[in-house]
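Data first, discussion second: the structure below is written as structure tokens.
The values are calculated or read from the model by the stated rules, or taken from the named source; none is laboratory data. Computed from a prediction, not measured in an experiment: that's the story for all the values here. Methodologically, a virtual Cβ is constructed for each residue, glycine included, from the backbone with ideal geometry; neighbour enumeration extends over all protein chains shown. Surface areas here come from the heavy atoms of the whole protein model, side chains and all, with no ligands, DNA or RNA. Shrake-Rupley method; radii C 1.70, N 1.55, O 1.52, S 1.80 Å.
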Amino acid sequence: MHDKTLTELAAGLAAGEFSSRELTESLLARIERLDGDLNSFITVTPEQALAAADAADAARARGEAGPLTGLPLALKDIFCTTGVRTSAGSKMLDNFVAPYDATVVEKLQAAGTVSLGKTNMDEFAMGSSNENSFYGPVKNPWDGAAVPGGSSGGSAAAVAAGLVPAAMGTDTGGSIRQPAAFCGITGLKPTYGRVSRYGIIAYASSLDQAGPMARTAADCAHLLGAIAGHDLRDSTSVARGVPDYTAELEAPLSGLKIGLPKEYFGEGLDPDVERAVREAIRVYESLGATVREVSLPHTHYAIPAYYVIAPAEASSNLARYDGVRFGHRCDAPADLTDLYKRSRAEGFGEEVQRRILMGTHTLSEGFFDAYYKKAQQVRRLIRQDFLDAFDEVDVLMGPASPTPAFDLGAKKDPVSMYLQDIYTIAINLAGIPGISVPAGIVGGRPAEGRPVGLQILGTHFAEARLLNVAHQFQQATDWHLRRPALAEESL
Amino acid sequence: MALEHADVLRAAHLARLGLNDDEAAHYLDDLGRILAMVDQLQTLDTEGVAPLAHPLETTQRLRADEVTEPDRRETFQRCAPAVEQGLYLVPRVVE
Amino acid sequence: MQWETVIGLEVHVQLATRSKIFSGASTAFGAEPNSQACAVDLGMPGVLPVLNEAAVAMAVQFGLGIHAEIPEVSVFDRKNYFYPDLPKGYQTSQMYHPIVGPGEVEITLDDGSIKAIRVHHAHLEEDAGKSLHEDFHGMTGIDLNRAGTPLLEIVSEPDMRSAKEAAAYLKAIHSIVTYLGISDGNMAEGSMRCDVNVSVRPKGQEAFGTRAEIKNVNSFRFVERAIAFEVERQVELLEDGGEVVQETRLFDPERDETRSMRTKEQANDYRYFPCPDLLPVMLDQAYVDHLRDNLPELPADKRARFQKALGLSAYDAGVLSASREMAEFFEQVKDVCGDAKQAANWVQGELAGALNREGLPIQNSPVSAPQLGELVARVIDDTINGKAAKQVFQALWNGEGGSADEVIEAKGLKQVTDTGAIEAMIDQVIADSPAQVAQYRDAEPDKRGKMIGYFVGQVMKASRGTANPQQVNGLLKEKLDALC
């Protein structure tokens, strides 16, 4: 059952081929067997999962099953879950059991899904390799020497390894799309404000957005429909109707205007990745799309602008971790300042401290205009680049990441790690949606190698269009069906 | 804008991160390189461009003035490191 | 040298919302520690603020009340600093785009003239929690019930020139916010607190002197005393050739002095930036107009109306419009009795005196406005005389009788105006007082006026106070003079 898509599993449940309990038990057993090495979960919750599965089976027996009832999934450990530790991958929250559910979690529960547990991640979602987790790195299921990407690395790896058919991630600068690309799955970052951020531990509030990670675009469409919508608890969530994201999946692509940002095919792009992406574009042409080159002239300012804005917001968002009301508290503080300084120095890992320092510095007196204000001005220019491009074309396409998954420990220098996000980061600054779909495997035999992700971008609230465009690609290709050797193992 | 050791110590103090000198030196090196990358922003002319704080630039929805949150002190304080008589405890605050 | 004092005030007003500015927790005063601190107030991981519509409306009402500009867009910023009573490590406030722009508050000076104090702006922010320093084994206890209570911070220009002006300004703000019903104005519970900026300069000098900020002064009286002390301190310092240091000071009401707060080891740097969890607040004209149309009459307008339409003196109009309760009481008395001047005299005279003696606020007056109105009406229509009126008032104050008419009836205080009855009493008094009549007759005519008092007293006594004194006086004079 582990190799099926969410849509296939839903059909199996509906047809009575298996129960949610059977499905849940089989996946829990698989996690038990494979995840020790993979490390994609921080917390597995078998008891809660089986109880939810039984409830789902009972609902189905009463004739009350919805399209997602009984389907297992996993949650990035950044979504607060009542009664289950929510760590954000940090020692700071190693002992934190949230007294409330994130709105996304509430909605998924209401839809009848079954959470198997909380997945590993870069601490406070800061990272592109999942190496910044207090709970240790996650391995890429395709190649144990490679990173799964980050920060939603655990979610991507768990789906790719067939431990769950889908998982929830968050994306602040590429944290859904880049690990999806590295692990050969499909990951959607919705428009900023499409999905409530309530109960999601904040990294950078004006950039964070939750989204689904699954095998196919169709699966992502089902999940997005379940989690999207305005939330009274998040005033930045948008009051706008939620369409049926599955309705347009089958629409033909003839006449689709695709733009290729020339800045996304420049220096630094791995030739194998470029070859795979260009091949994918040719597939689209064969489906009736037209392709033209466009320019996003401020692309190269996106990473600098992001590394001002995101750390600034983070430095403030993470001030609440002070050892007073929850989270790590140092032993025997001498005084108040000692309590703060030691609790925070002990509780936060290196990358988090680095970004807190960075954000604190750029916001401080004398630097604010040169950094923060400037970055916000650049943010407007970057957003305008996209809006201008979408006057000309329907979607933009390019690589999700300049390289396939790199090796664990390969990027010691923070700046070189940051540059990994060159194709994903501007999307968060602009607030537009983006999806990464598997588009190739490079450097090995089919079941090894390292996957390549094609990134498709649309204008604000164009998720239905993105999902349609991604789905049509998946109807014409089988990259999304390829499995790493690990996932082929069955019990 | 060159970063100095004192800047790192100042930021660490403002952010209440206890760093020893070695750690501060390590971060000085990292932050120096990150800021050098960030300084590319200075090459762009943004004269007259309004700062963008938020990707959607819309107004916010307000909530009605209703008391909706019950007393959940016990639950909330279950994850607190030190409480007594319903109060969170910290080392004595000197006014 | 002659010195001039320059004062600016930052007044923090707790808004009378039911729930907090960014959460649905109650704002009620005096609850068990932390029982009204919800996940948002505690700054728990992942929670988000949602702005209270009533806080916005109240802030705008205040702005309209001081004829301020109401900007179309206002923005919340984060003020970042660590303190145990500040759970998120930042205070959500408005630094660059406040909800209320420049406006003006009028105060009445001692000579009855009116001075306008400019308000620089007013902004919304959240209150912090409280630190309790009782002994918890050498620890401090933190209560976050107050965290997230909406505050309107009203920042004046440095337009005040004396402690009295500052107190008058604070009273004016108090009366505006209570008139509007946007705050209970209870200073003892901390619903209104203020920071006072004080500097002195040689008279005639234009540049401001260096100022000291006195934090958290929480009564009208303390504001005056704190300023008085601070001015004296600064003048002495300067006259001794010293310099005023720009610093934050605390007022100690017990010692009646201000003293420097220990300066933090490093100056704070609040790193303000726009709060990414809150989009800008945009107020459309229709909304502002709606609030404007529904604004109650404010003290300044009321004062002007009392003077112009009701013919009260500037002083009376000022006193009677100073608080919403006072004005409402007065207007009710006036409506019942139909005479504004009489109503004003009674409210400020007999009633205010009695309330002062008992230390009661007017809203707790044992004599209600309708009761007092009826009493005044009976004086005006000559049903009772002034002396009887005082008896009636006392009876009503003591709760003897439901209305003035009831008391008059029960005590038989109705004024006797029947000439025949009064004449009969006069004749009796004259007959009973031969010695006094003889003295009267023998006296020089210009001394007789004084001597008539005795006869008046006797007649009033005979009538048990109910005779009309003017009438008695006239008739007596006629009769006695006829005897001469």
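Can you tell me which condition residue C:247 does not meet? The list is (1) open to solvent by less than 50 Å² (accessible area, probe 1.4 Å); (2) at pLDDT 90 or above; (3) more than 26 Å from residue C:168 (Cβ to Cβ), and all the others hold.
Here residue C:247 clears every test but (2).
Residues in the stretch C:226-237 that are open to solvent by 40 Å² or more (accessible area, probe 1.4 Å) and touching a residue at least 40 places away in the same chain (Cβ under 8 Å): how many?
Adding up the residues that qualify gives 1.
Scan the stretch B:37-79 for residues that are out of contact with any helix residue (DSSP H, G or I) (no Cβ under 8 Å at 6 or more places or on another chain), of a type outside the set (Val, Ile, Thr) and within 30 Å of residue B:4 (Cβ to Cβ) and report the count.
2
If you go through the stretch A:258-287, how many residues are out of contact with any Lys or Arg (no Cβ under 7 Å at 6 or more places or on another chain), over 23 Å from residue A:441 (Cβ atoms) and touching a residue at least 12 places away in the same chain (Cβ under 8 Å)?
Matching residues across the stretch A:258-287 total 3.
For residue A:324, work out the one condition from (1) more than 27 Å from residue A:209 (Cα to Cα); (2) in contact (Cβ under 8 Å) with a residue 60 or more places away in the chain it doesn't fulfil.
Looking at each condition in turn, residue A:324 falls short on (2).
All but one of (1) in contact with a Lys or Arg (Cβ under 6 Å, 6 or more places away or on another chain); (2) under 19 Å from residue C:274 (Cα atoms); (3) more than 8 Å from chain B (Cβ to nearest Cβ) hold for residue A:394; which doesn't?
Result: residue A:394 passes all but (2).
Please list, ordered by residue number, the strands (runs of 3 or more DSSP E) wholly in the stretch C:82-189 having 1 or more residues that are out of contact with any Pro (no Cβ under 7 Å at 6 or more places or on another chain) and either closer than 24 Å to residue C:294 by Cβ or open to solvent by 10 Å² or more (accessible area, probe 1.4 Å) (or both).
Here the list reads C:90-93, C:103-108, C:114-126, C:130-136, C:150-156.
Listed residues A:107, A:118; which is under 30 Å from residue A:417 (Cβ atoms) and more than 14 Å from chain B (Cβ to nearest Cβ)?
Matching residue, one of A:107, A:118: A:118.
In the stretch C:190-205, which residues are under 30 Å from residue C:239 (Cβ atoms) and part of a strand (DSSP E or B)? It would help to see each step written out before you state the result.
Looking only at the stretch C:190-205, we keep the residues that are under 30 Å from residue C:239 (Cβ atoms), and these are C:194-205.
Listed by number, the residues that qualify are C:194, C:195, C:196, C:197, C:198, C:199, C:200, C:201, C:202.
Which residue is surrounded by the fewest Cβ atoms within 10 Å (Cβ to Cβ), if the candidates are limited to the stretch A:371-386 and must be more than 7 Å from chain B (Cβ to nearest Cβ) and either more than 30 Å from residue A:88 (Cβ to Cβ) or aliphatic (A, V, I, L, M) (or both)?
Filtering first and then ranking leaves A:384.
Hey, among C:55, C:37, which residue is open to solvent by less than 10 Å² (accessible area, probe 1.4 Å), part of a loop (DSSP other than H, G, I, E, B) and within 14 Å of chain A (Cβ to nearest Cβ)?
Every option except C:37 fails the conditions.
Collect the residues in the stretch B:1-35 that are more than 7 Å from chain A (Cβ to nearest Cβ) and open to solvent by less than 20 Å² (accessible area, probe 1.4 Å), keeping them in residue-number order.
Scanning the stretch B:1-35 gives B:24, B:35.
Which of the residues belonging to the stretch A:335-356 are part of a loop (DSSP other than H, G, I, E, B) and under 24 Å from residue C:269 (Cα atoms)?
Just the residues of the stretch A:335-356 that are part of a loop (DSSP other than H, G, I, E, B), to begin with: A:335, A:348-349.
The answer is A:335, A:348.
Within the stretch C:197-221, take every residue that is more than 19 Å from the chain's Cα centre (by Cα) and aliphatic (A, V, I, L, M) and give me the one that is most open to solvent (accessible area, probe 1.4 Å).
That would be C:207.
Can you pull out the residues in the stretch A:209-234 that are within 14 Å of chain C (Cβ to nearest Cβ) and open to solvent by 10 Å² or more (accessible area, probe 1.4 Å)?
Those that are within 14 Å of chain C (Cβ to nearest Cβ) and open to solvent by 10 Å² or more (accessible area, probe 1.4 Å): A:230, A:231, A:232, A:233.
Can you report the number of residues in the stretch B:55-95 which are in contact with a strand residue (DSSP E or B) (Cβ under 8 Å, 6 or more places away or on another chain), within 25 Å of residue A:239 (Cβ to Cβ) and within 7 Å of chain A (Cβ to nearest Cβ)?
Residues in the stretch B:55-95 being in contact with a strand residue (DSSP E or B) (Cβ under 8 Å, 6 or more places away or on another chain), within 25 Å of residue A:239 (Cβ to Cβ) and within 7 Å of chain A (Cβ to nearest Cβ): 2 in total.
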